[in-house]
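Q: Next up is a structure, given as structure tokens.
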Amino acid sequence: MRIAIDGPAGAGKSTIARRVAAVLGYVYVDTGAMYRALTAEVLRRSIEPEDAVAVSSLAKSLQIMLRHDNETGQQGVLIDHRDVTEEIREPVVNQNVSMVASHEGVRTAIVAQQKSMAAQGNVVMDGRDIGTTVIPDAEVKVFLKASVRERARRRSLDLIRRGYKVNLDELEDEIRERDFFDSTRRVSPLRKADDAVEIDTTHVSVDEVVDMVLLLCQGREATH
Ligand code: DC
């Protein structure tokens with residue numbers, strides 16, 4: 001089965017996707033990490049994130065690899081064999097990733113890689129356009145959402161854990177901006193697929209959301 005989990009920043013996609021994959025023994029693919037890795041490399045090479053030609057050509061030439069760490073359950077990310085797992089979560093990457101991910105050439109290169117990962121089957125993929133573009137015929141499609149305040153709160157806990165100082169209002173503004181950019185871009189915007197099941201995670205625990213997704217998977221299995 002292929003499970004597509006989409007939604008805006010901080011809706012809980014990676015937490016839920018990772019847990020569902022662990023329960024089912026499936027591979028978890030964090031597609032946002034691929035756009036983040038490209039962004040980290042764009043910044044390292046001092047390429048302008050707005051420069052569609054330069055960024056797209058880098059996307060075509062780079063080898064981005066996701067490596068699963070069985071001990072921590074975390075997804076490691078390598079660019080041309082350099083480990084960038086920590087670097088891609090830095091605030092400067094957050095601020096530039098939406099621009100980098102909006103270029104048509106970038107999406108063509110990265111979506112092609114993601115489609116071939118999905119073709120192996122037994123995957124849980126999370127992102128913005130998995131149910132609409134990467135795996136439009138996924139067996140299970142989920143769209144997670146949550147209030148902006150709650151999403152900012154979750155992101156702040158994440159950042160505090162990694163030693164950053166945070167301002168919740170600023171974080172909220174940044175999330176709003178990123179949502180707007182991701183959902184209004186021309187190519188592959190953030191959008192709920194018509195046949196995706198929407199789950200609002202604002203007041204629901206992780207365990208409950210995981211159970212809901214597993215139920216959807218069971219339902220899907222029962223009909224096959
Ligand atoms: O899920 P995330 O916050 O790690 O994603 C980072 C950015 O990557 C997000 O702002 C939009 C982009 N993205 C995308 O355009 N398509 C995806 N499938 C996944 C992420």
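The values are calculated or read from the model by the stated rules, or taken from the named source; none is laboratory data. As the structure is a computational prediction, the values presented were derived from the model and not from experiment. Cβ atoms come from the backbone with ideal geometry, glycine included; neighbour counts cover every protein chain shown. SASA here: full protein model, heavy atoms, side chains in, ligands and nucleic acids out. Shrake-Rupley method; radii C 1.70, N 1.55, O 1.52, S 1.80 Å.
Q: Please determine, by comparing only the residues of region 138-181 that are hydroxyl-bearing (Ser, Thr, Tyr) and open to solvent by 20 Å² or more (accessible area, probe 1.4 Å), which one is nearest to Ala118 (Cα to Cα).
A: Step one: of region 138-181, the residues hydroxyl-bearing (Ser, Thr, Tyr) are 147, 156, 164.
Okay, now just the ones that are also open to solvent by 20 Å² or more (accessible area, probe 1.4 Å), so 147, 164.
Details: Ser147: 30, Tyr164: 35 Å.
Looking at the filtered set, the residue picked out is Ser147.
Q: Consider Ala196 against the criteria (1) within 16 Å of the ligand (Cβ to nearest atom); (2) modelled with pLDDT of 95 or more; (3) exposed (fewer than 12 other Cβ atoms within 10 Å of the Cβ): it satisfies all of them except one. Which criterion is unmet?
A: Of (1) within 16 Å of the ligand (Cβ to nearest atom); (2) modelled with pLDDT of 95 or more; (3) exposed (fewer than 12 other Cβ atoms within 10 Å of the Cβ), only one is false for Ala196: (3).
Q: Could I ask something else about it? Name every residue in region 35-76 that is open to solvent by 40 Å² or more (accessible area, probe 1.4 Å), within 16 Å of the ligand (Cβ to nearest atom) and out of contact with any strand residue (DSSP E or B) (no Cβ under 9 Å at 6 or more places or on another chain), in order of residue number.
A: Leu43, Glu50, Ala52
Q: Looking only at region 17-34, which residues are in contact with a helix residue (DSSP H, G or I) (Cβ under 8 Å, 6 or more places away or on another chain), away from the ligand (no atom under 12 Å from the Cβ) and either in a helix (DSSP H, G or I) or open to solvent by 20 Å² or more (accessible area, probe 1.4 Å) (or both)?
A: Initial filter on region 17-34 (in contact with a helix residue (DSSP H, G or I) (Cβ under 8 Å, 6 or more places away or on another chain)): 19-20, 23-24, 26-34.
Narrowing the set further to residues that are away from the ligand (no atom under 12 Å from the Cβ) leaves 19-20, 23-24, 26-28.
If the condition is that a residue be in contact with a helix residue (DSSP H, G or I) (Cβ under 8 Å, 6 or more places away or on another chain), away from the ligand (no atom under 12 Å from the Cβ) and either in a helix (DSSP H, G or I) or open to solvent by 20 Å² or more (accessible area, probe 1.4 Å) (or both), then Arg19, Val20, Val23, Leu24, Tyr26, Val27 are the ones that fit.
Q: Is there any pair linking a residue in region 1-16 that is in contact (Cβ under 8 Å) with a residue 24 or more places away in the chain and assigned to a loop (DSSP other than H, G, I, E, B) to one that is open to solvent by 10 Å² or more (accessible area, probe 1.4 Å) and of a type in the set (Phe, Trp, Tyr), with Cβ under 9 Å and at least six apart or on different chains, and which?
A: As it stands, the answer is Met1/Tyr26; Gly7/Phe143; Ala11/Phe143, since those pairs meet every condition given.
Q: Another question, then. Could you list, in sequence order, all residues of region 1-45 that are more than 15 Å from the chain's Cα centre (by Cα) and hydroxyl-bearing (Ser, Thr, Tyr)?
A: The one that is more than 15 Å from the chain's Cα centre (by Cα) and hydroxyl-bearing (Ser, Thr, Tyr): Tyr26.
Q: Identify all residues within region 6-16 that are more than 10 Å from the ligand (Cβ to nearest atom) and open to solvent by less than 10 Å² (accessible area, probe 1.4 Å); write none if there are none.
A: Ile16
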